[in-house]
2 protein chains.
Amino acid sequence: MKIVELRECTVPLQGDIANSLVNFSAHTVSLVGVITDVVRNGRPVSGVAFNSIGRFAQAGLLQERFFPRLKAAAVDSLLYRDGSGFDPDKVVASVMANEKPGGHGDRAAAVGGLELAIWDLNAKLAREPACQFIARQFNNQPIQDTVPVYAAGGYYHPDKGLGGLANELRQYQDLGYQDFKIKIGGASLTEDIKRIEAAIAIAGSGAQVAVDANGRFDLETARSYARELGQYELKWLEEPGDPLDFALNREIIEHYSGVIATGENLFSCADVHNLIRYGGMRAGLDIFQMDPGLSYGITELARMIKIMEANGYSRKSAYPHGGHMINLHVVLGLGLAGCEAYPGVFQPFGGYASGCLDGQGRVRAGDAPGFGLETKPELKTWIDRLLA
Amino acid sequence: MKIVELRECTVPLQGDIANSLVNFSAHTVSLVGVITDVVRNGRPVSGVAFNSIGRFAQAGLLQERFFPRLKAAAVDSLLYRDGSGFDPDKVVASVMANEKPGGHGDRAAAVGGLELAIWDLNAKLAREPACQFIARQFNNQPIQDTVPVYAAGGYYHPDKGLGGLANELRQYQDLGYQDFKIKIGGASLTEDIKRIEAAIAIAGSGAQVAVDANGRFDLETARSYARELGQYELKWLEEPGDPLDFALNREIIEHYSGVIATGENLFSCADVHNLIRYGGMRAGLDIFQMDPGLSYGITELARMIKIMEANGYSRKSAYPHGGHMINLHVVLGLGLAGCEAYPGVFQPFGGYASGCLDGQGRVRAGDAPGFGLETKPELKTWIDRLLA
C-alpha cells in the first residue's frame, strides 16, 4: 500500500462575519487529499481533511515543504507495523524533517490538515467512522454515542443590534441548541453587558452562555470585563487576552470566580505546557480549546491531553476550537468534553451533517467511514473536485 | 510615491551541513523585492531583503496573504507622515490585517522578509546605509563604526573529526575571526567535550568559544552538559533545550554559572516576554538572540528590545541570530551587542561583503545605501534576477 498523490485545494469560506479582531470575508481553508493505490469499487481509497478554520489555507507550505517530504519518504517507514494503514506519528515525523524547534504557527496548520487526512484514510481503510478508529488507537473504548454541542455566533454586524442578536440565538434554539457563545470586545463594556443579558434572557441562564474576546483585551480591559461578568456565572469567558500572555490569564483567573477558556491559539505541546505552568488554569473548572487541525493533528493533540492529565487536569476539560465534523470525531474518539458549532457560517466546513444534531443540545457522528465529510453536500462538491 | 510591484524569489542555500537537529542541504530562503515608482538613473528604486536563514523560504505565505494585502492598501496609509518613505509599522499592520493572535511561526518570517525590504527601500530613498537610517528612526545616534563578530561553524560531518574541526577554526582565524561558535549535541557528551577542548586550544580561552545545542536536549541531558561545561567558562551555551521550554532554561541557569544564550526561535514580543518572565535570564550575563528576519522585522525586534530594557536587561545583551549584512545593519542601527558570521556557508546570504571584516574580530557596514546586499557579488546575481 502506498500514497500515490497528495493534493491541496484552497477553498474560500462563505459568509461575511467579524469577531472583535478578525474579518472572515477573505478567509480560506485548505482541503487536503491523500490518494492511495488501494482501489475499492473502482476508485482509489483517499483520505480527506482540512486545517480547521481561522488561520487560512496553507497551499504554499504544503506544496513547498510537506508534500515533497512525504512523497520522498520510503513507504515502509510510514506504515503501521501491521501494514493496515499509515501511522500518523511517522507521517508527521517524516514531514517535519529538518524543521527547527519553536515557531509553531502556519506550519502547524499545514501539517494538521495533512495529518487529519491520514486519519480519515486509515478509518476508511478500516471501513469505520474516524471516532471508532481514533478511540481504538488511543485505547479509549467504548466511546460515547453523543457529546454536548453549543452554538457559537453572536458576531458583530453594523446593522444587527440587540434584536438581531436575540433573533440569531432563537434560530439556534429552533435548531435544537441549548447553549450559546457570543463575541465580546467589539463594542463597549456597557454595550457588551446588554448583549450578554439579552443572550441570557433567551438561553435561560448564564451557565448556558459563553463569551469570547478573541484575545483582544489588554490587562486593564480584561480586568474590567472580569469584574463585571463575575455576577452572571457564565458558561465561560474565552481568551480575555493575548493567547501567549500567560501572566494575564493567571491574573484574570485570580480575580474571576467563573470559568476561563483558552488554548485555541496554542499549537504545540510546548505552548500548552507553558499555559499549564504559568497560566493559572484551575483543574476541574477552566477549559482547554486546542484544535488538532491547527496544531499538527491528532497525534500532537493526544500528547497535549497527556500533559494535561499528568498535571491534574481532566480530558473532560477539553472543548476543541472548530465546530465541524472532524473535531466531533476527535472529541468522541479521545473522550473530550464537547463540541462547538457555527450554524450557518464558515461554510462549507462548519457545522455537522444532517442527522448529527439530536435536537437536545447534543451531537452524534453518524456511520459514514472516516470523518464523514462526504455526508455534508456542500463539502462533498469540493471533495469531488479535489479528487477528480 | 507608491509600490508598483512586490516580488519573491526562492533561493536554495549552497552547502551541505547539519547541526544536531537540522540538515540544511534542502534549505531555501525568500529574497523579497519591493519596487516603487520612484526612478533614479533610469531604474526604479527598489527595496530588497530576505527572511534570514533557517526557517525556509515563504513564497506561499507572501503570495497568498501578505503581498495581496499590501497591494490592496491605500498608498497614503503606508507612508511616513513626511512622505519620505514607507512606515514599516504601518506596512506590518496592513499585511497582518485579519490575522489571529498567537501562532508566531512561518508568517513571522514571511512578514519579516517583507518588512526588512521596506527598510532597505527607505534607506535607499534617503541615500544612506540602513544602519544610519535605522539609528535615526529609533533615536540611537551616533552609532558605532564596528561591532564584534564571531565565526559560527563546527557543524557535524561524518568525515570531519577533531582535526577537521581544528582546521576549520584555524581558517576562520586566518580570516581575522578571534571568537568561535561550534555545534554540540550531535555526538556524545564525551566526544563533544573533546571538540570543545580542541576549539579552546585554538581560540586561546573558553571565553572565545560558544557552543550551540540547537534546542536538542531534554532536561537530563541539558543538566549533564551544563555540569561538565561549567569549568570551561565558555563564551556561552546556546539553546540547551526546546526554545519554548522556559522552565528548562531556568533550571539550567540555576545550575550553570556560565552564560546562557537563547531566543533565535522566539518570533514575537509575547514569546520574548515569556522568556523574560519564566526563563530565569540573568541581566548583565545571559544573551538574547532574536532575529528580525524571522520575527516580523525590525519594528517587532525594537519592541522586544524595549521589553528587555523595561525588565532590566541591556540591549548590549542582544546578539541576533543570522550572520549576514542585514543583521549587521540592525545591530549597528539599534546599538546591539554584536554579530555572528558563517564563513563559507549559507551562501549566497551568509557573511559580509568584502572589506567589512577588520581582521581583528570586528565588522563594519560599508557605505552602500540600504543593507548593501548588492555589494555581495553572489547575492547581487540573485537580486538582479529578482528585479529584472
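Take residue A:273 and decide whether it is at pLDDT below 95 and either closer than 30 Å to residue A:111 by Cβ or away from every other protein chain (no Cβ under 12 Å) (or both). For residue A:273, the condition - at pLDDT below 95 and either closer than 30 Å to residue A:111 by Cβ or away from every other protein chain (no Cβ under 12 Å) (or both) - is not met. Here is the figure for segment B:242-268: residues that are over 20 Å from residue B:53 (Cα atoms) and not aliphatic (A, V, I, L, M) total 10.
Among the residues of segment A:276-292, write down those that are over 19 Å from residue A:214 (Cβ atoms) and more than 9 Å from chain B (Cβ to nearest Cβ). The answer is A:276, A:280, A:282, A:283, A:284, A:285, A:292. Out of all the residues in segment B:138-148, is one or more farther than 30 Å from residue B:235 by Cβ and either more than 16 Å from the chain's Cα centre (by Cα) or not aliphatic (A, V, I, L, M) (or both)? Yes.
Within the option set B:226, B:213, being surrounded by 21 or more Cβ atoms within 10 Å (Cβ to Cβ) and within 14 Å of another protein chain (Cβ to nearest Cβ) holds for one residue only, B:213.
The helices (runs of 4 or more DSSP H) found entirely in segment A:230-337 that carry 1 or more residues being free of Cβ contacts under 8 Å to residues at least 40 places away in the same chain are A:246-254, A:269-278, A:298-310. One residue is enough: does segment B:155-163 have a residue meeting the conditions under 30 Å from residue B:190 (Cβ atoms), surrounded by 15 or more Cβ atoms within 10 Å (Cβ to Cβ) and modelled with pLDDT of 95 or more? No, because not a single residue in segment B:155-163 is under 30 Å from residue B:190 (Cβ atoms), surrounded by 15 or more Cβ atoms within 10 Å (Cβ to Cβ) and modelled with pLDDT of 95 or more. Does residue A:176 fit the bill of being of a type in the set (Gly, Ala, Ser), away from chain B (no Cβ under 14 Å), in a helix (DSSP H, G or I) and in contact (Cβ under 8 Å) with a residue 24 or more places away in the chain? The answer is no for residue A:176.
Each residue in segment B:27-60 was checked for being touching a strand residue (DSSP E or B) at 6+ places or on another chain (Cβ under 8 Å) and either at pLDDT below 95 or at positive phi (or both), and 4 of them qualify.
Scanning segment A:338-359 for residues that are at pLDDT below 90 and aliphatic (A, V, I, L, M) yields a count of 1.
For segment A:298-354, the set of residues classified as aromatic (Phe, Trp, Tyr) and crowded, with 23+ Cβ neighbours inside 10 Å consists of A:319, A:346, A:349, listed by residue number. Within segment B:358-382, the set of residues being crowded, with 21+ Cβ neighbours inside 10 Å and of a type in the set (A, V, I, L, M, F, W, C) comprises B:363, B:365, B:371, B:373, B:379. When only residues in segment B:84-96 that are closer than 29 Å to residue A:53 by Cβ and among the hydrophobic types (A, V, I, L, M, F, W, C) count, which is farthest from the other protein chains (Cβ to nearest Cβ)? So, considering only residues that are closer than 29 Å to residue A:53 by Cβ and among the hydrophobic types (A, V, I, L, M, F, W, C), the one farthest from the other protein chains (Cβ to nearest Cβ) is B:91. Of all residues in segment B:229-262, exactly one satisfies the criterion of being within 14 Å of chain A (Cβ to nearest Cβ) and aromatic (Phe, Trp, Tyr), namely B:246. Within segment B:97-121, if we keep just the residues that are more than 21 Å from the chain's Cα centre (by Cα) and either surrounded by fewer than 16 Cβ atoms within 10 Å (Cβ to Cβ) or small (Gly, Ala, Ser) (or both), the residue that is nearest to the other protein chains (Cβ to nearest Cβ) turns out to be B:102. Scanning segment B:362-382 for residues that are among the small types (Gly, Ala, Ser) and either touching an Asp or Glu at 6+ places or on another chain (Cβ under 6 Å) or without any contact (Cβ under 8 Å) to a residue 24 or more places away in the chain (or both) yields one hit, B:370. I'd like to check something: does segment A:223-233 contain any residue that is at pLDDT 95 or above, aliphatic (A, V, I, L, M) and closer than 30 Å to residue A:366 by Cβ? No, every residue in segment A:223-233 fails to be at pLDDT 95 or above, aliphatic (A, V, I, L, M) and closer than 30 Å to residue A:366 by Cβ. Here residue A:300 fulfils each of the conditions (1) over 27 Å from residue A:135 (Cβ atoms); (2) under 19 Å from the mean Cα position of the chain (by Cα) apart from (1).
Within segment A:42-96, being surrounded by 15 or more Cβ atoms within 10 Å (Cβ to Cβ), of a type in the set (Gly, Ala, Ser) and farther than 17 Å from residue A:6 by Cβ holds for A:52, A:54.
The values are calculated or read from the model by the stated rules, or taken from the named source; none is laboratory data. Given the structure is predicted, the values throughout are model-derived calculations rather than measurements. Every residue, glycine among them, receives a Cβ derived from its backbone with ideal geometry; neighbour counts consider all protein chains shown.
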